[in-house]
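To start, the structure itself, in structure tokens.
Just so it is clear, none of the values below were taken in a lab; they were calculated from the coordinates. Remember, predicted model here, so these are calculated numbers, not experimental data. We place every Cβ from the backbone using ideal geometry, glycine too, and count neighbours over all the protein chains shown.
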Amino acid sequence: MTFANFEYLFLLILLIPYIAWYMINREHSTPSLRISTIASFFHAPKSFRQHFIHLPFICRLVCLAFAIIALARPQTTNNWSNKSVEGIDIMLCMDVSTSMLAEDLKPNRIEAAKKVAIEFVSGRPDDNIGLTVFAGEAYTQCPMTVDHAALLNMLNGMRVDMAQRGLIEDGTAIGMGIANAITRLKDSKAKSKVIILLTDGTNNRGQISPNTAADIAKTYGIRVYTIGVGTNGTAPYPVSVAGRIEYMNVPVEIDSKTLATIAAKTDGEFYRAQNTEKLREVYQQIDKLEKTKMNVKKFSKKYESFGIFALISVIALMLELLLRKTLLKRIP
């Protein structure tokens with residue numbers, strides 16, 4: 001059994017303080033009569049009312065508990081599945097240099113890249129996917145994982161102000177970005193290992209050249225798909241002047257030759273993306289080239305099961321009211 005609204009089950013915890021309140025409050029709310037001694041009552045037989053005095057409260061607990069379970073929408077499934085998946089390991093290698101703030105893609109390069117990458121990850125639930133970011137240096141933002149919720153959170157939080165804050169050196173170290181991604185893929189047992197490199201510049205930092213990194217990737221059987229993002233010519237770049245944001249046109253310098261060489265060496269592909277829609281098309285093409293192979297035989301049907309719990313809750317409520325008004329009616 002599964003629950004469509006599982007979070008409602010946490011309300012069951014509230015029954016514990018409710019039981020404690022009932023036990024404490026009962027001591028103060030029970031009518032009393034002072035007499036000289038109660039010794040004669042020790043061996044007196046208990047009445048029907050004494051045996052079942054707590055039954056209305058129990059009915060109320062049952063009512064509340066089953067109402068909460070009904071709110072959580074329990075569901076039963078009747079399914080069978082036979083699924084065979086050939087895993088693909090993918091490292092996204094994203095440029096986060098300050099030039100990614102250029103607004104030739106809307107709203108800017110980095111936000112467009114994040115949005116399209118999130119769509120790509122969401123469409124590949126069976127793959128191990130990780131994230132490497134680089135500017136003048138490179139590091140792993142998220143190791144390869146099938147916990148795509150965590151990866152998507154990392155992608156959403158990806159920023160390009162790390163160099164401005166002094167966390168990493170600014171620049172474009174393409175070779176270092178590829179090398180970092182390789183360290184995550186080289187020991188993988190997957191039949192297909194892929195790096196998707198996105199950058200808007202030319203390599204100008206790092207101890208490892210892009211060509212050397214490509215040779216290493218080829219040694220480990222890793223394909224590298226390279227994407228040069230940015231329009232041809234110039235692009236508007238935001239600059240802070242006297243507390244205001246103004247724009248200046250900066251040249252778009254993408255080393256297409258190097259990116260194409262990297263892709264060719266590793267049996268990948270090189271793409272140019274001049275706008276957001278083109279970037280989305282690039283990821284869609286890569287998605288088709290690197291499709292996960294699977295044989296699926298699956299049948300699934302869900303049945304809502306909250307009805308029986310709601311019915312029990314209503315019956316318990318009606319029984320409590322009936323007992324309080326008849327057999328277990330209290331005076332005063």
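Assorted remarks:
- Summing Cβ point charges (Lys, Arg +1; Asp, Glu -1) relative to the Cα centre of the range 84-296 gives a dipole of roughly 360 debye.
- Full extension of the segment from Asn25 to Leu327, taken as 0.36 nm per residue of separation minus the current Cα-Cα distance, would add 106.5 nm.
- Neighbours of Ala181, meaning other residues whose beta-carbon lies under 11 angstrom from its beta-carbon, give a summed charge of +2 when Lys and Arg score +1 and Asp and Glu score -1.
- Residues of type aspartates and glutamates that Lys329 reaches as a straight line, Cα spacing below 14 Å, ignoring anything fewer than 8 places off in the same chain: Glu320
- The range 214-242 and the range 86-150 have their alpha-carbon centroids 12 Å apart.
- Entries in Lys114/Lys265; Lys302/Lys325; Lys114/Lys191 that, when Cα-Cα distance is taken, lie over 32 Å: Lys302/Lys325
- Shape of the range 181-310, Cα gyration tensor, a/c cut at 1.5: oblate
- Each Lys or Arg adds one and each Asp or Glu subtracts one; over the other residues with Cβ under 15 Å from the Cβ of Asn153, this totals +2.
- Protection proxy ranking, peptides 181-191, 273-283, average beta carbon neighbours within 10 Å, highest first: 273-283, 181-191
- Taking 17 Å as the straight-line reach from the Cα of Lys278, the aspartates and glutamates in range (excluding those fewer than 8 positions away in the same chain) are Glu103, Asp104, Glu111, Glu119, Asp200, Glu269, Asp287.
- Nitroxide proxy distance, nm - points 7 Å out along Cα→Cβ at Leu167 and Asp147: 1.9
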